[in-house]
Every structure is written in structure tokens, then in C-alpha cells.
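Everything below concerns the one structure shown next.
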Amino acid sequence: MLRRASMLLACRPILAARARPFSTDLPAAPSADATFTEAWTKVIPNMDPPKTPLSFMQPRPPTPSSIPSKLTVNFVLPYASELATKEVDMVIVPATTGQMGVLPGHVATIAELKPGVLSVHEGSEMTKYFVSSGFVFIHANSFADIIAVEAVPLDRLDVNLVQKGLAEFTSKLSSATTDLEKAEAQIGIDVHSALNSALTG
Amino acid sequence: MAMAALRREGRRFASLISPRPITAVRSSPLYPTLEDEGPLGLRHISTQVVRNRMKSVKNIQKITKAMKMVAASKLRAIQTKTENSRGLWQPFTALLGDLPSADVKKNVVVTISSDKGLCGGINSTSVKISKGLHKLNSGPEKETKYVILGEKAKAQLVRDSKKDIELIITELQKNPLNYTQVSVLADEILKNVEYDALRIVFNKFQSVVSFVPTVSTVLSPEIVEREAESGGKLGDLDSYEVEGGETKGEILQNLAEFQFSCTMFNAVLENACSEQGARMSAMDSSSRNAGDMLDRLTLTYNRTRQASITTELIEIISGASALEG
């Protein structure tokens with residue numbers, strides 16, 4: 001019985017030691033919202049206030065006085081972070097107003113993306129992705145955040161399926177009755193024609 | 001010398017063993033007595049009851065061990081997805097900051113919980129935090145509504161806040177979680193609920209034994225504009241040029257909706273991870289408890305068995321010595 005107790009005591013600290021945070025987790029930044037914690041502790045004194053996302057994020061560097069040489073890009077998808085704080089020379093994003101080139105020192109911008117090709121230029125190499133849609137935030141400190149719903153490298157696209165999809169949605173648009181169906185068919189056509197031009201152009 | 005002592009003992013016991021009339025005393029059939037009545041009024045304590053208990057405790061231990069394994073494998077599957085989705089909400093917080101203390105009229109608290117139980121205290125923590133947020137944001141002209149994801153929070157919140165509940169969504173994990181499903185869900189919520197601020201309450205997965213209750217705030221475009229104008233954390237939002245669209249408001253609207261669906265996706269995944277982790281540790285402590293209980297029952301069983309053997313021996317020996325001497 002004593003042996004069991006000592007085994008239990010030995011087990012527990014090992015379990016605690018194993019409970020290390022993962023390396024993908026970011027260190028807690030101390031800049032948690034103070035007004036929130038204060039208001040919380042006043043109204044609900046028994047419970048610890050919940051954490052907020054700010055405490056899980058690494059703070060971004062402030063705007064430097066001179067234009068940096070490289071652009072830091074975060075390219076995230078719901079399923080993966082394609083590029084995380086990667087330093088590149090330029091990215092070209094398919095904004096709704098057209099292809100937009102982003103260089104270090106670009107003015108702070110928020111832009112919505114339309115289906116199109118995103119290219120990342122690093123030195124002499126260039127990687128192209130087809131992006132379905134999303135947003136791009138360009139910050140004043142030469143950080144660019146590209147958030148896309150779906151992005152695939154161009155070599156994974158099948159030309160035949162694209163043509164078939166385009167034909168299908170065109171026929172759907174002509175046979176659409178309600179506004180909703182028309183809108184859905186139009187979206188399908190937009191995406192497929194963008195895919196088409198991405199593969200051919 | 002020893003024989004004399006035994007003879008003395010035998011005489012003492014002989015007086016005790018007098019053939020009693022065997023009364024047909026049976027207690028109610030539901031509770032089998034621990035004592036059996038043998039011939040000559042001998043009494044044995046039954047080991048049957050203890051043995052039954054041991055069998056059921058052992059079965060429970062096996063079941064909880066199996067549940068722990070199942071939870072561990074499910075955790076492994078969903079953990080990679082969660083870690084990959086962690087990058088999704090960071091750009092939004094980097095751009096728009098995090099203002100949980102924003103003063104708004106219409107608050108909506110989205111509570112994320114599990115459908116199945118036996119997962120420790122994570123659902124109760126989420127509900128407590130939601131109720132705390134409700135209390136925090138109560139005041140004149142202010143209202144807080146709930147949107148509930150998951151059966152467990154529904155059971156707890158329906159009891160006392162029934163009139164504040166707008167939407168209840170269950171069976172989220174019937175199909176593996178993916179972004180399409182969550183974005184449809186977010187769309188439903190945004191369509192049906194009026195909001196100035198959405199507060200998503202979930203348990204963030206730090207490690208297998210640590211789950212941190214977290215609240216993510218998504219503000220509506222009007223409130224974002226208001227906060228940007230008043231300066232403070234969102235003050236430099238105006239310095240961002242907004243490309244495309246007819247008006248800035250339209251882009252901000254799309255931005256708010258996209259932000260909501262992204263934070264929801266991450267929140268749902270993190271909560272699912274926390275659920276599996278909590279279930280693992282709950283089942284682990286349960287099987288350990290069952291093991292302890294089994295040890296104690298085994299000791300009781302052995303003691304009972306030995307006591308009945310000793311009693312028999314004493315009867316026999318004293319009977320024999322009574323015959324001799």
C-alpha cells in the first residue's frame with residue numbers, strides 16, 4: 001500500500017513535467033488587456049478572468065524609421081500556415097482592384113482578394129499559388145498578412161476539370177431562376193475563369 | 001501445557017456452542033445477508049457480495065481504460081489540425097487589436113462546449129465564464145444574448161437564462177470539423193443575431209493537462225469605426241488605406257465576417273482538443289480510482305475468507321476437545 005502511494009507520488013510530477021507547452025505555441029505576451037481584467041475582478045471576484053488572444057500572440061515590431069530591405073510575409077490558410085514570418089522581396093496579390101505588387105515599405109493597406117494567382121518572389125525564385133479569396137493586410141512595419149480560404153500551388157490544378165467546371169457553371173447561370181442561384185453560378189464562373197487564366201496565362 | 005490451555009479454551013467455547021433452534025430468518029430478498037446459517041447455528045460470512053462488487057469494479061476499470069485510449073487517439077488526430085489553425089486568427093488581432101472591454105449595447109456570447117460528457121470540468125468553466133461575461137456587460141440599455149454550441153452548455157444555460165438564448169447548435173462533431181462547416185455556421189449566426197460585439201468563449205488547448213478558458217472578441221464594423229475614431233488601441237486603423245469596394249464600410253463588413261469565421265474555426269478546434277484531453281485525464285483518474293478500490297476490496301475479501309476459515313477451525317477444534325475432555 002505504501003509502495004502504491006510512493007508510485008503515485010512518482011507518477012504525478014512526471015505527468016506535470018510532460019505537460020510542457022508545444023513549440024508551436026507562442027509565449028504569453030504580458031500586454032493583456034488591463035481594463036478588462038480589472039472590470040472582471042470587480043464584478044466576479046471568485047474566478048480568474050479568462051485569457052484573451054492578445055496574451056497568446058507575439059507582439060509585432062514597431063514601424064522602423066527607414067524602409068527595411070525585406071518584406072515579412074505570413075501566408076495562412078485554415079488548415080496550415082503556408083509561410084510564417086518569411087522574409088521575401090516582393091509578393092503580388094490578386095486584389096479585387098487587380099494584381100497588386102507589395103514591396104517593403106508599402107503603405108498600410110487592407111485589401112480583399114478575388115480568385116487569382118498569388119506569387120511570392122524571393123531572390124531569383126518565384127512560387128505561385130492559386131488563391132480562392134481572402135484578405136491581405138499590409139502593415140506599416142513591412143509585415144504582410146495574407147489570409148486565404150483555399151490556396152493551391154498551380155501544378156496541382158487539372159485543366160480538364162477546370163474547363164468542365166466552367167461549362168457547368170455557365171449552363172447553371174443560364175438556367176438559374178432565383179437571385180441566389182444566379183449569384184452562386186456567377187461565383188462559380190468567376191472562380192473557374194480565374195483558374196483558366198491562371199493555367200493558360 | 002498447551003493441551004491444558006486448549007482444553008480450557010475448548011470448555012469456554014463449548015458453553016457458547018449450544019444448538020440453537022434454526023430460525024428461518026431471512027432478510028428481504030433484495031439484500032442477501034452476509035451471514036449464512038449453517039447446521040448447529042454456525043455462522044459464515046458470505047464472500048459472494050464482495051466478489052460481485054470486485055467483478056463490477058474491474059469491469060468499470062476496463063471500460064474507463066478503453067475510453068482513455070479512444071480519447072488519446074482522437075486527440076492525436078485533432079491536435080495537428082488545431083496547431084495548423086493557430087496562425088489563422090493572429091493577423092486579425094495584429095490589425096484590429098483585442099478589445100474585450102469595449103463598451104457596447106448588444107453583446108452576444110458564443111459559448112462553445114461539448115456534446116458528450118465525462119470530460120472533466122471544462123464545460124462548467126465555459127458556462128461560468130459566459131455567465132460572468134453576461135454579468136459584466138449588464139447595465140441600462142445593454143443586453144447580452146447567448147448562442148450555444150454543444151449539448152452540455154445548453155443543459156446548464158437553459159435552466160436559468162432561457163430567455164436570453166438566441167440560437168442552439170448541437171452535434172457539431174458528427175462529421176470531422178472543417179472550415180466549410182464552421183463558415184456556414186458563422187453565416188447562420190451572423191444572419192440571425194444582431195450584434196455589436198461577439199464574444200466567443202472556449203477552452204484553449206495548452207497541453208494534455210492544461211486548458212485555459214479564453215474569450216475572443218469580434219466587434220461589428222460600426223463599433224470598429226467608433227473605436228478607431230476615438231483613438232486608443234485602434235487609433236491607427238484610419239492610417240490603413242482600403243483598396244477596392246465602393247465604400248470602406250463594405251470592406252470592413254466583409255472583414256468582420258471573415259474574422260468571425262476564422263476565430264470560430266480556431267475556437268471550435270481548440271475546444272474539441274481540450275475536450276479530448278480532459279476526457280483522457282478524467283478517465284485516467286477514474287481507472288486509477290477503480291484500481292485502488294479493487295485493492296481495498298481484495299483485502300476485505302481475503303480478510304472475510306480467512307475469518308470464516310478461522311471460525312470453522314475454532315468450531316472444529318473446540319468441538320473435538322469437548323468430545324475428548
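A search for C-beta distances below 7 Å between a residue of the stretch A:146-158 that is free of Cβ contacts under 8 Å to residues at least 24 places away in the same chain and any residue that is not hydroxyl-bearing (Ser, Thr, Tyr), counting only pairs 6+ apart in sequence or on different chains, returns A:Val152/A:Phe130. Tell me, which residue of the stretch A:85-131 that is hydroxyl-bearing (Ser, Thr, Tyr) and surrounded by fewer than 18 Cβ atoms within 10 Å (Cβ to Cβ) is nearest to B:Asn84 (Cα to Cα)? Looking at residues that are hydroxyl-bearing (Ser, Thr, Tyr) and surrounded by fewer than 18 Cβ atoms within 10 Å (Cβ to Cβ), I get A:Thr85. Only residues that are modelled with pLDDT under 90 and among the β-branched types (Val, Ile, Thr) were counted across the stretch B:171-207, and they come to 1.
Please verify whether the stretch B:53-61 includes one or more residues that are within 13 Å of another protein chain (Cβ to nearest Cβ), among the aliphatic types (A, V, I, L, M) and either on the phi < 0 side of the Ramachandran plot or within 26 Å of the chain's Cα centre (by Cα) (or both). Checked the stretch B:53-61: no residue is within 13 Å of another protein chain (Cβ to nearest Cβ), among the aliphatic types (A, V, I, L, M) and either on the phi < 0 side of the Ramachandran plot or within 26 Å of the chain's Cα centre (by Cα) (or both). Going through the stretch A:85-105 one residue at a time, which ones are touching a Leu at 6+ places or on another chain (Cβ under 8 Å), not acidic (Asp, Glu) and not in a strand (DSSP E or B)? Those that are touching a Leu at 6+ places or on another chain (Cβ under 8 Å), not acidic (Asp, Glu) and not in a strand (DSSP E or B): A:Thr96, A:Leu103, A:Pro104. Taken together, the criteria exclude B:Ala228 from residues that are in contact with a helix residue (DSSP H, G or I) (Cβ under 7 Å, 6 or more places away or on another chain) and surrounded by 21 or more Cβ atoms within 10 Å (Cβ to Cβ). Scanning the stretch B:300-319 for residues that are closer than 23 Å to B:Met54 by Cα and surrounded by 11 or more Cβ atoms within 10 Å (Cβ to Cβ) yields a count of 9.
Inside the stretch B:185-201, residues that are closer than 19 Å to B:Pro91 by Cβ and within 11 Å of another protein chain (Cβ to nearest Cβ) make up a count of 1. Residues in the stretch B:165-193 that are closer than 13 Å to B:Ile148 by Cα and surrounded by 15 or more Cβ atoms within 10 Å (Cβ to Cβ): B:Ile165, B:Glu166, B:Leu167, B:Ile168, B:Ile169, B:Thr170, B:Leu172, B:Leu185, B:Ala186, B:Ile189, B:Val193.
Please verify whether the stretch A:171-178 includes one or more residues that are part of a helix (DSSP H, G or I), modelled with pLDDT of 85 or more and loosely packed, with under 15 Cβ neighbours inside 10 Å.
Within the stretch A:171-178, one or more residues are part of a helix (DSSP H, G or I), modelled with pLDDT of 85 or more and loosely packed, with under 15 Cβ neighbours inside 10 Å.
Scanning the stretch A:106-131 for residues that are among the small types (Gly, Ala, Ser), in a strand (DSSP E or B) and within 14 Å of chain B (Cβ to nearest Cβ) yields A:Ala111, A:Gly116.
So for the stretch A:155-165 (the condition being among the small types (Gly, Ala, Ser) and either surrounded by 16 or more Cβ atoms within 10 Å (Cβ to Cβ) or within 14 Å of another protein chain (Cβ to nearest Cβ) (or both)), does at least one residue qualify? Yes; the residues of the stretch A:155-165 include at least one that is among the small types (Gly, Ala, Ser) and either surrounded by 16 or more Cβ atoms within 10 Å (Cβ to Cβ) or within 14 Å of another protein chain (Cβ to nearest Cβ) (or both). When the helices (runs of 4 or more DSSP H) confined to the stretch B:76-177 are screened for residues that are of a type in the set (Gly, Ala, Ser) and away from chain A (no Cβ under 13 Å), those reaching at least 2 such residues are found at B:151-160. Residue selection: A:Phe36 satisfies the criterion of being at pLDDT 80 or above and not charged (D, E, K, R). Only residues that are loosely packed, with under 14 Cβ neighbours inside 10 Å and of a type in the set (A, V, I, L, M, F, W, C) were counted in the stretch B:119-144, giving 0. Tell me yes or no: at least one residue of the stretch B:279-286 is free of Cβ contacts under 8 Å to residues at least 12 places away in the same chain and facing another protein chain (nearest Cβ under 9 Å). No: zero hits. Summed over the stretch A:50-84, residues that are in a loop (DSSP other than H, G, I, E, B), without any contact (Cβ under 8 Å) to a residue 24 or more places away in the chain and either more than 7 Å from every other protein chain (Cβ to nearest Cβ) or surrounded by fewer than 16 Cβ atoms within 10 Å (Cβ to Cβ) (or both) total 2. A single entry from B:Asp115, B:Asp164 fulfils the requirement of being at pLDDT below 90 and touching a Lys or Arg at 6+ places or on another chain (Cβ under 9 Å): B:Asp164.
The values are calculated or read from the model by the stated rules, or taken from the named source; none is laboratory data. None of the values given here were measured: they were computed from a predicted structure. Don't worry about glycine lacking a Cβ; one is built from the backbone with ideal geometry, like all the others, and counts go over all protein chains shown.
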